[in-house]
Each structure stands twice: as structure tokens, then as C-alpha cells.
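Below is one structure, written out as C-alpha cells; the observations come after it.
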Amino acid sequence: MEFRAMRRIKQELDRDSASEIFKRGTSGVLAVAGDDGYPYAVPLSYAYDEGKGRLIFHSATKGHKVDALLREPKASFCVIGQDDVRPEEFTTYFRSVIAFGHVRMLEADDEKREAARLLSRRYAPDMPLEAETAEIERFWKALLMFELRIEHLTGKEAIELVHVRKNR
């Protein structure tokens with residue numbers, strides 16, 4: 001698929017800046033094709049695996065998100081890296097990224113466990129391995145792990161931030 005080029009090209013973030021927003025972010029919004037053609041966007045926690053070009057997230061075994069992903073694996077995921085409202089200027093100094101790709105459920109125990117550990121280390125980096133393993137085992141039967149393979153990544157920032165960066 002050919003993805004659209006950004007219309008406001010001056011505001012486009014380079015790949016490293018876009019990746020940095022994924023690295024720093026703690027939550028984002030997954031958008032999928034929901035029931036009866038309605039978009040379904042759900043906030044969730046994630047881990048960014050830059051080396052493999054993917055985002056990892058978990059789910060319970062049933063629900064709207066799972067049904068939608070099993071029906072149609074195309075999805076997008078958005079993270080807002082900066083949201084600085086400037087009422088006196090009638091604008092917002094923002095930075096955000098959107099990843100587009102296909103989502104798949106991780107079914108093999110080894111890849112599911114690796115993804116669960118990646119997510120665990122993202123949110124509890126100091127947890128001892130024994131405690132992490134015990135926590136993953138506690139939820140194992142009720143745990144689904146998904147990956148979104150990033151096929152297209154785009155980032156954008158407010159034009160005011162572009163000017164600030166260029167004047168440094």
C-alpha cells in the first residue's frame with residue numbers, strides 16, 4: 001500500500017524524533033475497524049520494540065478490541081508526545097506520532113512470553129525477574145499479547161516548534 005505523504009511537510013518529524021516519542025510515551029490510542037463499520041479507538045499501554053519495528057500490547061481474551069482485530073488486522077496507533085495549549089496564541093504546541101500496520105495475536109508461547117516481558121520491563125523496569133515471571137504466570141491463561149508491525153510511521157509537530165528548533 002502507498003501511504004499518503006504529509007501535507008504540511010515542514011512540520012513532519014524525522015524518523016528518529018518520531019521514534020523518540022514512542023520511547024518516552026506511556027500510553028497511546030489504538031484505532032481499529034469496529035462493529036458495523038464504526039471506528040473503534042481505545043487507549044492502551046504499550047511497549048515499543050524499535051529493533052523489530054513493532055508495538056506490543058496486551059488484552060483480555062474477549063472484548064471489542066479482540067473481535068475487531070481478529071476481523072480486520074489493519075490498525076493505527078497514535079501517541080501524543082507534547083500537548084502544550086497556548087490560549088493567548090489560539091494554538092497548541094504539539095508533537096505526535098502515528099504508526100500504521102497490521103496487528104497479529106502472538107500465539108507461540110515463547111514469543112508471547114517475550115512480548116509480556118517486554119511490556120513488563122517497560123512499566124516495571126526494576127522488578128526482579130522472579131517477580132516478573134510470577135506475575136506473567138498469574139495472568140497467563142487470561143492474557144493475549146498482540147504486536148503491531150509498523151509499516152508506516154509519521155510524526156508531526158506544531159509549526160511554532162519547527163521555528164523554535166530552526167532558531168537554535
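The values are calculated or read from the model by the stated rules, or taken from the named source; none is laboratory data. Because the structure is a prediction, the values reported are computed rather than measured. Note that we place each Cβ from the backbone using ideal geometry, even for glycine, and neighbour counts take in every protein chain shown.
Assorted remarks:
- Scanning region 68-83 for residues that are charged (D, E, K, R) and outside any loop (DSSP other than H, G, I, E, B) returns Arg71, Lys74, Asp83.
- Looking only at residues in region 106-123 that are touching a helix residue (DSSP H, G or I) at 6+ places or on another chain (Cβ under 7 Å) and not basic (Lys, Arg), the one that is modelled with the highest pLDDT is Leu106.
- When the test is whether a residue is of a type in the set (Gly, Ala, Ser), touching a strand residue (DSSP E or B) at 6+ places or on another chain (Cβ under 9 Å) and modelled with pLDDT of 95 or more, Gly101 passes it.
- Considering only residues in region 1-31 that are over 12 Å from Ile80 (Cβ atoms) and among the small types (Gly, Ala, Ser), the one that is modelled with the highest pLDDT turns out to be Ala31.
- Among the residues of this structure, Lys65 counts as one that is under 16 Å from Gly101 (Cβ atoms) and not in a strand (DSSP E or B).
- Exactly one residue out of Ala41, Ala47, Ala75 is within 15 Å of Leu153 (Cβ to Cβ), modelled with pLDDT of 95 or more, among the small types (Gly, Ala, Ser) and surrounded by 12 or more Cβ atoms within 10 Å (Cβ to Cβ): that is Ala75.
- Scan of region 114-134 for residues that are exposed (fewer than 12 other Cβ atoms within 10 Å of the Cβ) and either not hydrophobic (A, V, I, L, M, F, W, C) or not in a helix (DSSP H, G or I) (or both), ordered by number: Tyr123, Pro125, Asp126, Pro128, Glu130
- Selection from region 19-39 of residues that are touching an Asp or Glu at 6+ places or on another chain (Cβ under 9 Å) and either farther than 19 Å from Ala116 by Cα or not hydrophobic (A, V, I, L, M, F, W, C) (or both): Ser19, Lys23, Val32, Ala33, Gly34, Asp35
- Of all the residues in region 22-38, those that are assigned to a helix (DSSP H, G or I), surrounded by fewer than 14 Cβ atoms within 10 Å (Cβ to Cβ) and in contact (Cβ under 8 Å) with a residue 24 or more places away in the chain number 3.
- If you go through region 50-72 and pick out every residue that is over 22 Å from Leu153 (Cβ atoms) and either of a type in the set (Gly, Ala, Ser) or touching a residue at least 24 places away in the same chain (Cβ under 8 Å) (or both), you end up with 9.
- Residue match in region 92-101 (condition: free of Cβ contacts under 8 Å to residues at least 24 places away in the same chain and either of a type outside the set (Gly, Ala, Ser) or surrounded by fewer than 16 Cβ atoms within 10 Å (Cβ to Cβ) (or both)): no
- Selection of region 141-168 for residues being among the hydrophobic types (A, V, I, L, M, F, W, C), in contact with a helix residue (DSSP H, G or I) (Cβ under 8 Å, 6 or more places away or on another chain) and at pLDDT 85 or above yields Leu143, Leu144, Met145, Phe146, Leu153.
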